[in-house]
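Encoded as structure tokens, the structure appears first; notes follow it.
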Amino acid sequence: MKSVVIGLSAVILAVTDETPRVLTVDRSESTRMLKEISQRSVSSDEKDNHLDGNSLRLPALPFALLDPVAHRTLELGLRAHVLEQTGLELGYVEQLYTFGDRDRIRDEVKETPRVISVAYIALTRENTAVSQEAQWQDCYQYFPWEDWREGQPKLLVHAIYPALEAWIQSAPNSMEQHQRRERATITFGLGQTPWDGYRVLERYE
């Protein structure tokens, strides 16, 4: 039976020259914590095969596991971990979303516990001092279809819209096809439906 742990994720945003920016850290640190938990329930022969840390040195949101003894609240735990990982003392913080799907991180660490990740959004300025381990990234490099500063992104026309149409046409029956078209139309503003800038999460999902 899988155990359950509470993770705390920080989406730290700034806007610089009209570009949304997000603060990231080394992804290997969060996978290291999950690896330690996963190794508690596997044999020593399997441990070395669970994670190749060298392949995971990629940008990631600041993340840490809740310490139920040291942290009186989730937010206090988040603030403490962000300060430790980035050197940034957070100001405005608001709980954003909770992610709890099973096997969300299965490709990175095998036999992990189920991670319920509570995400918080924090607002700051990019010129606020952070540690050398933290880096600011352009949000649009991760969500290029959201960048309408110079009009409709070409990625939508040349890749996403054709893929959506293929997904709609592949529906097993007419009812499912209608439901898919309705979902794609509302979410991505197909046809005469206007683009809705607030449906970022729905488009991502």
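Ligands, DNA and RNA left out, the accessible area of segment 156-205 computed with a 1.4 Å probe is 55% carbon and sulfur. Note on His178 and Ala70: their simple-model spin labels are 5.6 nm apart, each label 7 Å out from Cα toward Cβ. Once both labels are positioned 7 Å from their Cα atoms along Cα-to-Cβ, the gap between Phe99 and Gln132 label points is 2.9 nm.
Compared with the direct C-alpha span, the chain from Ile160 to Thr16 gains 49.1 nm at full extension, assuming 0.36 nm per residue.
Segment 114-205 has equivalent-ellipsoid semi-axes of 33, 18, 12 Å, by the square roots of 5 times the alpha carbon gyration tensor eigenvalues, sorted largest first.
The values are calculated or read from the model by the stated rules, or taken from the named source; none is laboratory data. These numbers come from a predicted model, not from an experiment. Every residue, glycine as well, gets a Cβ built from its backbone with ideal geometry; the counts of neighbours run over all protein chains shown. The area values use the complete protein model at the heavy-atom level, side chains included, leaving out ligands, DNA and RNA. Shrake-Rupley method; radii C 1.70, N 1.55, O 1.52, S 1.80 Å.
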